[in-house]
Each structure stands twice: as structure tokens, then as C-alpha cells.
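Every number here is computed from the coordinates shown, using simple stated rules; none is lab data. If you're wondering where the values come from, they're calculated on a predicted model, not measured in any experiment. Neighbour counts run over all protein chains shown; Cβ positions are idealised from the backbone, glycine included.
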Amino acid sequence: MPIFGPLGPSLAGYVRSSKTLSSWLKPISLWYANLAGYRRIGLRYDDLLVEERDDVQKALGRLSTREAYDRAFRIKQASQASITHQDLPKDKWVTVSEDKRYLKPYVLEVAKEDLERQKWDNLTVSRHR
Amino acid sequence: MLRTSTTTVRNSTRLVRSFATVVDSTSGVKVAAIDNGQPTSAVTFLVKAGSRFENKPGVAHALKNFAFKSTNTRSALGTVRESELHGGVLTSSLSREHLALTAEFLRGDEECFVDVLASFITGARFARHELNELVLPVVEADSIAASNDPATKALEVAHTIAFRHGLGASLFAVQHPSFTIDDIKAFAASAFSSGNIAVIGTGIDQAKLSKLVEKSLGKIPSSSSAAASSTKYYGGQTRVESSSPLQTVFIGFGTTGAPLSDLAALASHISPESHVKWSKGISPISEATPAGTSVQAVYLPYSDATLLGVLIQGENAADVKTAAQAAVKVLKSRVSETDAKKAVAKAKFRAASEADSRDGVVSLLGNKIFSGADASVEAALSSFDAISSSSISSAASTLLKAKPTYVVVGDIAALPYADELGL
């Protein structure tokens, strides 16, 4: 797992690979994610990804119709909650199990394609005889 | 000195073969190759995945445009860049019966290109985003271009009227198709099996091609050849409004059963095509055709049916009517002895010169390879030798007994009705 991915630098892969580190840091990460408060206004983590980028825009275009609709709904709901300065009722909070990375696989796929294009664009050709 | 040169000549003639040998490889895929000693090679994977086999309208068209997109071994970009580096050309084309995936390349690169073609057959990914981003825009552009061309439109409609189902299915998807990626996957899964694929190589050694096909298609699911529902000819007439400046009339007749060479000869008899440049030709049709109007003979043989007719196009509806009347008169008149000889020679030359080109070999031998018939150019040409004026006339009279397929595209208020032409 590389540290520098298309979604910014991340040590998550390193942490996850070490049993000791993940057993220490996982409770902290869960606490932190809850504290961040986005789940209280009905958002998932991938709704917060910086979307003003070509690759993320392309990935958003690849969401299935259902996923795209749900995302638009969550963002609308969250905007409303933000305007009224109120959290959603507790039964509408996003739970840990619901907070899935629905967009990340698409972003990684687009990044892989971009990387491949870069590779082909900068290829030096030598023919084996 | 003299001796060495004669042996070289003899050796080279031994290498040059003008017929394809069909070999069933152990995986069940038929492999045929012709090597005329040309500097480039081409390999065509001919798949029984034409529009007559499709499970939903337009799926065959989408599958054709899915060719050379990402597979388990290569991405879409990788396929294009790699073949560019080798200097090869990849094409996919669709007919009513077959999907042809062709790679043309320099001799020596066959391993790479057979692998590119085979990887689409064995491991195409059919990603949903590729359908939306790469395939559907092209499918849509194809459909729009086809619907704006009155000749294509007339032939599409004529097929639908003539055969209704199977061969009547359009080659083109509608502009906003309803199929999903799962329909395409299901169609590909049913089509890409051993009995449905024939590999035709030109400029490549038979043994080498068989070995490569064996290696790359060895694990393909085996099946017997897809059986299409048997074709029935109906006929009928329709009028399609179109704002195109070209007024178009198609008059056609269909038969079922394996295509006869007599009908090919009849088509070249009606064809008013001139043999020399800047001349109108001496056919009675071209004499009666007003300037600015064109008449073409249409001969479309399929594995179990034939559609034969004339396509008349011109800017003026009255001129089109005059030309159509002349064409119907020629269709209905008896073929004289001299005309028959001329028509047979013309048809035979046309078939022979078609066999010179790569696409021609595929279309000439494709059905024969699938049916296991003698797939040589010589056999295809020798069928013309038995044709006489009486056999053409009898073929024509049985053809004309059927109900005509009459299609009008353009200004439907001005273009003639079938009975006005004596049909």
C-alpha cells in the first residue's frame, strides 16, 4: 500500500499491516471519525473527498445510478442540517457499518488508468531481435 | 545459375497457395489460412455474433464496438498503444451474421496480434464505465450516421420487411438503446464458444496460425455452432419520410435456402454499372435513367437466404420513378443468351476480384467455413460455370413470384407506389 495515493498521503496501509499498531490506533480512529461529526449529518466519509479534481470527477461519473442518487441525497440532507445548525435525529446517523468507501475503488481505478497512460506516453521503445 | 533460379521459382510457387485449408483445431475452432506471399498478414476472428443472433435489439452493435476494450490481460489503452508500436491495424466489423475482428500486421508479429484478438474472446471485462464512456457514444454516432444515409436506411427497413425476425434485425442500435452491460455480457458468453468461431488468416502459414490459435483459444468453452431460427421471406412495402435530398427507392426480392450463383449472375445482369469511365453503359436501365439518378444492383447473400434488388437514388422523384420503371422492366424481361454469358463473366470476375482482397476472402468463404463446405476460392468460382441463360431465367422467375420488398425513403408524397412501377 503506497503512502502517496490519489487521495492524498495515507499511513493507513502501514498501520493496518501491523497488528500492534492497528489494535492501538483503531479505537482512536473510530473515536476521531465520530468526533468529526459528518456521520451525524448523514454523510459518509467518501462524500467528503475533494471532488474538484479530474480523476475524482471521472470516478463520480462511474458511480451506478443508485449510488449517484444516494450521494446527492446525502449531500442535500447534510446541507439542510448545516443550514439549520442541527444534527439529524439519532436514528438517521450513519453507523460505522454504513460508512462504506463506495467511491474509493472508482478513484483508484481512474488513477491506475492515468498512471498507465503516463507510462505509455513516456515509453522508450526498443525492439527485441 | 539457371538451375538455381528455376528451383527458387519452383519453391516459391510451392509456397504460394490460393486456397484455404480448413482445420478443426482440438479446441473445436475452425482455422483456415491462405498465403499468397504478401508482405503483411491479417488474421480475422469470425464470430457468429451478427445481429440475427442477438438477444436484444442493438446488442450485437454494442458488442462490435466493445472489441479491443479492456480485457483481463490488457487495458483498452494498452491494446491500442501496443498495436501502434507494432504498426498493426485493428478493426471490428459487423454483418447480419458475423462479427469480424481483424488484425492486420507485418509478418512476424502474429503472436502478439493473435493474442490481442484472442484476449477479447476469452477475457473481455465488459466494464460498465467503458460502455458509458467509450462504447455508447460511438454506437450512437454510428446509428445517427446510418439513419441519415437514405441508402442504408432503405436497406435496413427492407431487411426488416423481407425477413421480419433474425436477418430482419437491424445492424444498428436505436439512438437511446435499452440494453444494459449484462445483456452484452450474456450475448458475448453465448457467442464466444468454440463452435461459433472461425479463424481466417491471409499471408500467414496454416500450421503457425493453428498453433497460435490452439495456444490462445485452448480453454474456450466448447459448443456446437449456434443455430439461427430458420429464415422465412415475407416481403411487403413501406414508405419512410426523410428530409434527405436524395430520393431513394429499393425494389427487392428474397429467397430462402443457400444462395445460388444464378442469382449473383442475375444481379450482375441487372446492374447498369458502366465498364468504362465517363460512360453511361449499354444496359437498358442506364439508357432509361435520367441524368442525376443512379441505379445500383443489390445482391446480399446470407447463409440461408438471399436478398436481390435494385436501389435507385436521385434528387428528383419523377426521375427516380422513370429509372425504377426501367429497372422493373429489365427485372421482368427474359435474359438472352448473350446477356447471360456477359452476366456470368461479370459475376465471376466480381467474385474472383473480391477474393483478392482480405475482406472479400472473409465474406466469400466465411459461411462455407462454418458449414464445413469446400472453402476454396476455386470452388466458389467454379459454381459459375454451370450457369446458362435458362437457369438464370428460371431463378429469376421463381424469385419474382414472391411478394416484392418495396421501400421508399424521402419525399413520400412524390415518390411512386409499387403498383405504379408494375410490381
Out of A:Gln77, A:Gln86, A:Gln118, a Gaussian network model of chain A with alpha-carbon springs under 10 Å gives the largest mean-square fluctuation to A:Gln118
A correct Karplus calculation of ³J(HN,Hα) over the range B:176-183, with 6.51 cos²θ - 1.76 cosθ + 1.60, θ = phi - 60°, whole Hz and x for Gly and Pro, returns 10, x, 9, 6, 10, 4, 5, 5
Between the modelled labels at A:Leu11 and B:Lys208 (7 Å from Cα along Cα→Cβ) the distance in nm is 5.8
So, relative contact order of chain A in percent, Cα under 8 Å, 6 or more apart, is 31
In nanometres, the difference between 0.36 nm per residue of separation and the alpha-carbon distance of A:Gln80 and A:Asn122 is 10.4 nm
At the level of C-alpha centres, the distance separating the range A:78-129 and the range B:248-291, in angstrom, is 60
Given a Förster distance of 56 Å, the FRET efficiency implied by the Cβ-Cβ spacing of B:Gln175 and A:Trp24, rounded to the nearest 0.05, works out to 0.45
When B:Ile181, B:Ile161, B:Ile312, B:Ile282 are ranked with the fewest other C-beta atoms within 10 Å first, the list becomes B:Ile282, B:Ile181, B:Ile161, B:Ile312
Least to most buried among B:Glu110, B:Glu84, by other C-beta atoms within 10 Å and fewest first, runs B:Glu84, B:Glu110
Expected max-MSF residue from B:Ala395, B:Ala62, B:Ala173 in the GNM of chain B (alpha carbon, under 10 Å) is B:Ala395
Low-density loop GluC sites (Glu not before Pro), the range A:56-116, at most 11 other Cβ within 10 Å, DSSP non-H/G/I/E/B, are A:Glu98
Relative to chain B, whose Cα atoms define the longest principal axis, helix B:150-163 and its Cα axis are tilted in degrees, nearest 10, by 90
Ranked from fewest to most other Cβ atoms within 10 Å of their own Cβ, B:Lys153, A:Lys119 fall in the order A:Lys119, B:Lys153
Contact order relative to length for chain B, counting C-alpha pairs under 8 Å separated by 6 or more residues, stands in percent at 20
Taking Lys and Arg as +1 and Asp and Glu as -1, residues besides A:Tyr102 with C-beta under 12 Å from its C-beta add up to +2
So the FRET efficiency between B:Lys329 and B:Leu85, C-beta based with R0 = 51 Å and rounded to 0.05, is 0.35
In order over the range B:134-149: 3J(HN,Hα) from phi, Karplus 6.51/-1.76/1.60, θ = phi - 60°, whole Hz, x for each Gly or Pro, gives 10, 8, 4, x, 6, 4, 5, 4, 4, 5, 5, 4, 5, 6, 8, 9
If amide H atoms are modeled at 1.01 Å from N in the peptide plane, then the residues at a separation of 5 or more from B:Ala305, or on another chain, having amide H under 5 Å from its own are B:Gly257
Expected unfolding gain across B:Glu420-B:Phe349 under the 0.36 nm per residue rule, minus the alpha-carbon gap, is 22.0 nm
Phi-derived 3J(HN,Hα) across the range B:34-41 with the Karplus relation (6.51, -1.76, 1.60, θ = phi - 60°), rounded Hz, x for Gly and Pro, is 10, 10, 9, x, 6, x, 10, 10
1/(1 + (r/R0)^6) with r = Cβ-Cβ of B:Asn55 and A:Asp87, R0 = 45 Å, i.e. FRET efficiency to nearest 0.05, evaluates to 0.35
Check: in the range B:19-216 the Lys pairs 8 or more apart or on separate chains whose Cα atoms fall under 19 Å apart number 11
Charge tally for neighbours of A:Ala111 with beta carbon under 15 Å away, counting Lys, Arg as +1 and Asp, Glu as -1, is 0
B:Asp183 neighbourhood, Cβ < 11 Å, K/R = +1, D/E = -1, net charge 0
The simple spin-label model distance between B:Leu134 and B:Glu315, using points 7 Å out along Cα→Cβ, in nm, is 4.3
